[in-house]
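Structure, as structure tokens:
Derivation of every value follows stated rules applied to the coordinates shown; laboratory data play no part. Worth saying up front: this structure is predicted, and the values here are computed from it rather than measured. Cβ coordinates were reconstructed from backbone atoms using ideal geometry, including for glycine residues, and neighbour counts include every protein chain displayed.
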Amino acid sequence: MASHATAGLPPPTPWQRLTRMLDTERSTIRYIIFYAVLTGIISLSLPLGTQAVFNLVSTGAVFSSTYILVAVVVGGVLLGGILLVAQITMVEAIEQRIFAKAAIEYAYRLPRIKAEALKGQDPKELVNRFFDILTIQKGLTKLLVDVMFAVLQILMGVLVLAFYHPIFIGFGLFTIIALIFVYMINYRRALRTSIEESAYKYELVD
């Protein structure tokens, strides 16, 4: 932060700080995205497979292919669960590495801070901000697993609906546009209130 001020540059945005923190985890994040896409593809095939099984059983046409189809659907559910567990495991590994790197960086930088760099700042309050890393750890699971899964589920759901009737294509596009609109309206306000909440939390401790 001090280096940006010295160079006359604006401070990095919260998103820039997050991407910088996760820059060394790009390879792991790629695997998480890959597993999420596979999970989305599996979730796309499951409703179609389930409907095919139901149609065959309801008409009394039970053949060996029906049992194979049932096995494929059950296998898809199990594989989707395994991929989700793999995603959560990798996110947990990222969280542990981020905490370890933050602790090492704090331990290295704190003894080397110059007194003039702390003018107008409360050193205790700045040190307490280390515990924001716990908030980041909790948020990573939502960002890399829950949000990604929700986005892919929406996209795959729109594709599935498109198989039933063309009118659902328009409905799906409307849903996606509405979600983007809601996100754009609430993003900055949600970010601002989260930062204010963090600031008030440390003011209360002081």
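The relative contact order of the chain comes to 26 percent, based on Cα pairs under 8 Å that sit 6 or more residues apart. Here the scattering of the stretch 85-206 is modelled by Debye summation over its C-alpha atoms, one equal scatterer each and no solvent; at q = 0.13, 0.17, 0.19, 0.20 Å⁻¹ the log10 of I(q)/I(0) is -0.78, -1.04, -1.14, -1.19. In degrees, nearest 10, range 0 to 90: what is the angle between the Cα axis of helix 167-205 and the longest Cα principal axis of the chain? In the chain, helix 167-205 runs at an angle near 30 degrees to the longest axis.
Once the mean of 1/r is taken over each pair of separate Cα atoms and inverted, the stretch 2-145 shows a Kirkwood hydrodynamic radius of 19.4 Å.
Order 118-127, 70-79 from most to least packed using the mean count of other Cβ atoms within 10 Å.
Final packing ranking: 70-79, 118-127.
Which angle from 0 to 90°, rounded to the nearest 10, does the C-alpha axis of helix 148-164 make with the longest principal axis of the chain? In the chain, helix 148-164 runs at an angle near 30 degrees to the longest axis.
Summing Cβ point charges (Lys, Arg +1; Asp, Glu -1) relative to the Cα centre of the chain gives a dipole of roughly 420 debye.
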